[in-house]
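Single-structure report; data block below.
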Amino acid sequence: MKALKYIFTAAVAGLFAVACNEGIDSITPVAPGEDTEAPVVKINYPTGDITIPFTDEQTDIDFKFEVTDDIEVQQFTVTLNEQVIGEYSDFKDYRRVLETLSQTAVAIGDYSLVVTATDLSGKTTTETLDFLVTNKYIARYADEILYMPFEGGFYMNLLTETEATVVGTPAFAEGKIGQAYVGDSAAYLTLPGEEFHSNEFTAVFWMKVNATPDRAGILTMGPEDTANAGYPDKQNNRKSGFRFFREDAAGKQRFKLNVGNGEADLWVDGASAADVDPTTGEWVHLAFSISDTECAIYINGEVAKQVAFTGIDWTGCDVLSIMSGAPRFNEWGHNSDESAMDELRLFNKALSQAQIQNIMGNEK
């Protein structure tokens, strides 16, 4: 009986094997063919210069490579500025090799990355990438002429690496992105004004509004008030340049723009549409633009006010003040702003609403 069981089991196994293999060709070795092509080398990263934060002096890099061959990759080496940093000869897939080579503490400077691959028949391919590790800011947007992120303890225009003159004792605090400028009762920044003169102009930035004081200058660039030369607290010549400021409006803060065309000044006042509630403690995105045909104020990407205009005059506008109306627009008490400001950008172009919304979206 036991013998019959074994016979039956063997018979079933045989039938199963025949059924499973039915229709499947037997495995036949295929010769790899002639090795006719040299290896192909691709450097997947980096693809160009590497920009790191301006406060950093070095960075970590994950170099990424791809090496392929029609028959088999034998080995490849990686050098950085003529120093071997990687050698490879053992691959899971000998026709297509993907590798990542990590290097730490790569300092600022010029580099030449060279990958040399050899196949089984001895054919060799070399791929070279020259790149730069830099902490110099490169303009992110067209027509950008100033970028101040207020990072690393610096009040600096990263595009020109110009440090602002600091008046009083402003501070740094948590910002919309990283750190932000925080004002004080007598604090503000200044930069030389001439480099920002253009027929068109736009400023964009974030603010966390502090209603103390109840009015303040934010961005101003105007001429000296020679009629009140002996009164430094009564400077108020509005025929040239611009003045962007805020004032109390029944507990809210109303943002206004004043622009001079050389003969007279234009007021851009959006009334309640330009009001911000300072009690929310939220970051608000603000922008204003000036062109030969109009001026506009934007709050959180929406138009608060647009007014027709004939073009700005820059006569005597040699000082840009940041977070104060002083020293050129203080007669009406628009002095230092104790609010927080972050991600200040200036443009020599009147940006469209879509462009302003794009910047705001990128920084959210």
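The values are calculated or read from the model by the stated rules, or taken from the named source; none is laboratory data. No experiment lies behind these values; they were computed from the predicted model shown. All Cβ positions, glycine included, derive from the backbone under ideal geometry; neighbour counts span all protein chains shown. To get the accessible areas, we keep the full protein, side chains included, count just its heavy atoms, and leave off ligands, DNA and RNA. Shrake-Rupley method; radii C 1.70, N 1.55, O 1.52, S 1.80 Å.
Descriptive notes on the structure:
- Only one of TYR141, TYR181 that is of a type in the set (Phe, Trp, Tyr) and either in a strand (DSSP E or B) or more than 20 Å from ASN358 (Cα to Cα) (or both): TYR181
- Any chance LYS239 is crowded, with 16+ Cβ neighbours inside 10 Å, within 20 Å of the chain's Cα centre (by Cα), on the phi < 0 side of the Ramachandran plot and among the charged types (D, E, K, R): no
- Whichever residue in segment 166-178 is loosely packed, with under 14 Cβ neighbours inside 10 Å and in a strand (DSSP E or B) and, among such residues, is farthest from the chain's Cα centre (by Cα): VAL166
- In this entry, ASP119 is excluded by the filter for residues that are over 30 Å from ALA203 (Cβ atoms) and free of Cβ contacts under 8 Å to residues at least 24 places away in the same chain.
- ASP62 meets each of the listed conditions (1) closer than 20 Å to ASP49 by Cβ; (2) open to solvent by less than 40 Å² (accessible area, probe 1.4 Å) apart from (2).
- Filter result for VAL133 (surrounded by fewer than 16 Cβ atoms within 10 Å (Cβ to Cβ) and either part of a strand (DSSP E or B) or at pLDDT 95 or above (or both)): no
- Flag for GLY262 being at pLDDT below 95, outside any strand (DSSP E or B) and open to solvent by 10 Å² or more (accessible area, probe 1.4 Å): no
- In segment 199-245, the residues that are in a strand (DSSP E or B) and polar (S, T, N, Q): THR202, THR220, ASN236
- Close Cβ contacts (under 6 Å, 6 or more residues apart or on different chains) running from residues in segment 249-267 that are under 20 Å from ASP277 (Cβ atoms) to residues that are among the β-branched types (Val, Ile, Thr) and in a loop (DSSP other than H, G, I, E, B) comprise GLN253/VAL209.
- Of all residue pairs spaced 6 or more apart or on separate chains, those with beta-carbon atoms under 7 Å, a first member in segment 290-307 that is under 17 Å from GLN253 (Cα atoms) and a second member that is open to solvent by less than 70 Å² (accessible area, probe 1.4 Å) and of a type in the set (S, T, N, Q) are TYR298/GLN353; VAL303/GLN353.
- A count restricted to segment 207-230 and to residues that are touching a residue at least 24 places away in the same chain (Cβ under 8 Å), of a type in the set (Gly, Ala, Ser) and closer than 22 Å to THR315 by Cβ stands at 2.
- Of the residues SER321, SER336, the single one that is buried (at least 23 other Cβ atoms within 10 Å of the Cβ), polar (S, T, N, Q) and touching a Leu at 6+ places or on another chain (Cβ under 9 Å) is SER321.
- Every residue from segment 179-212 that is more than 30 Å from PHE309 (Cα to Cα) and within 22 Å of the chain's Cα centre (by Cα): GLN179, ALA180, TYR181, VAL182
- Within segment 92-125, considering residues that are among the polar types (S, T, N, Q) and under 34 Å from the mean Cα position of the chain (by Cα), the one farthest from PRO39 (Cα to Cα): THR104
- Every condition in (1) surrounded by fewer than 18 Cβ atoms within 10 Å (Cβ to Cβ); (2) at pLDDT 95 or above is met by TYR147 except one, and the failing one is (1).
- Test result for ILE297, open to solvent by less than 10 Å² (accessible area, probe 1.4 Å) and over 21 Å from ASN210 (Cβ atoms): no
- Candidate set: segment 347-364, residues that are assigned to a loop (DSSP other than H, G, I, E, B) and farther than 22 Å from ASN210 by Cβ; chosen: the one most open to solvent (accessible area, probe 1.4 Å): LYS349
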